[in-house]
Amino acid sequence: MQTTTVKIKAEDKTLIPEYKSSLAAGVDLMASGSGEILPGETALVKTGISIELAEGFEAQVRPRSGLALKQGVTVLNSPGTIDADYRGEIGVILINHSKNIFHYEKGDRIAQMVIAPVVQAEFVTVDDLSDTVRGAGGFGHTGV
C-alpha cells in the first residue's frame with residue numbers, strides 16, 4: 001500500500017479524520033458546526049480542517065454510502081477535488097434528495113476523503129484518431 005504524508009490544520013482536534021480500518025481507502029470528514037438542509041436544497045458544510053498534500057497527489061471528496069442510503073443526502077459534485085496547491089478550509093457541497101429536513105451537528109460524518117495520485121496528461125493535437133470497434137458510440141451504445 002502506498003503512503004504519503006498529509007499536513008493538516010484543524011480548528012478543533014476532534015475534527016481530524018482517521019482511518020477506521022487497516023485497509024480503508026478513505027477517512028470520514030466531519031461537520032465543524034451544526035445546521036440543516038431543506039429537502040431539495042444544497043449547502044456548503046465546513047469541515048474545520050485544511051490540508052497540505054504532497055506534489056503529485058489530490059484529495060477526492062466522496063459521498064458516504066450510509067448517509068445517502070439512510071438520509072438521502074449526498075455530495076453534489078462527486079467526487080470533489082482538492083488540489084495539492086489548495087490551502088483553504090475543506091467544504092463539502094451536500095444535497096438533500098429526501099423529503100425530510102436533514103439536521104447535522106458538529107462532529108457528524110458528512111463525506112469521505114480519499115488521497116489519490118495525480119497523472120497530468122500532455123495533450124497533442126492531431127488530425128485523426130485511431131479507429132476502434134466502438135468508434136464514436138456513447139450514451140448506451142454498448143447496450144448498458
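The values are calculated or read from the model by the stated rules, or taken from the named source; none is laboratory data. Because the structure is a prediction, the values reported are computed rather than measured. Note that we place each Cβ from the backbone using ideal geometry, even for glycine, and neighbour counts take in every protein chain shown.
A compact table of results
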| quantity | calculated |
| --- | --- |
| Cross-chain or 6+ apart pairs with Cβ under 7 Å, the range 67-91 first and of a type in the set (Lys, Arg), then outside any loop (DSSP other than H, G, I, E, B) | ARG87/SER50; ARG87/GLU52 |
| Counted residues, the range 1-33 - those being part of a loop (DSSP other than H, G, I, E, B) and without any contact (Cβ under 8 Å) to a residue 24 or more places away in the chain | 9 |
| Residue list for the range 92-128, filter: among the aromatic types (Phe, Trp, Tyr) and without any contact (Cβ under 8 Å) to a residue 12 or more places away in the chain | PHE123 |
| Unique residue being within 23 Å of ILE16 (Cα to Cα), not in a strand (DSSP E or B) and not acidic (Asp, Glu) when the list is SER98, SER78, SER50, SER130 | SER78 |
| Single condition ASN77 does not satisfy, out of (1) surrounded by 12 or more Cβ atoms within 10 Å (Cβ to Cβ); (2) within 14 Å of the chain's Cα centre (by Cα); (3) of a type in the set (S, T, N, Q) | (1) |
| Qualifying position, being in contact with a Lys or Arg (Cβ under 8 Å, 6 or more places away or on another chain), under 19 Å from MET1 (Cβ atoms) and not aromatic (Phe, Trp, Tyr), among GLY33, GLY26 | GLY26 |
| Residue in the range 102-116 that is at pLDDT 95 or above, outside any helix (DSSP H, G or I) and over 30 Å from PRO17 (Cα atoms) present | no |
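The rows are residues; the columns are (1) in contact with a Ser or Thr (Cβ under 9 Å, 6 or more places away or on another chain); (2) buried (at least 16 other Cβ atoms within 10 Å of the Cβ); (3) of a type outside the set (A, V, I, L, M, F, W, C); (4) at pLDDT 95 or above.
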{"site": "LYS13", "(1), (2), (3), (4)": "no, no, yes, yes"}
{"site": "MET30", "(1), (2), (3), (4)": "yes, yes, no, yes"}
{"site": "GLU36", "(1), (2), (3), (4)": "no, no, yes, yes"}
{"site": "VAL45", "(1), (2), (3), (4)": "yes, yes, no, yes"}
{"site": "ALA54", "(1), (2), (3), (4)": "yes, no, no, yes"}
{"site": "GLN60", "(1), (2), (3), (4)": "yes, yes, yes, yes"}
{"site": "LYS70", "(1), (2), (3), (4)": "no, no, yes, yes"}
{"site": "ILE82", "(1), (2), (3), (4)": "no, yes, no, yes"}
{"site": "ILE90", "(1), (2), (3), (4)": "yes, yes, no, yes"}
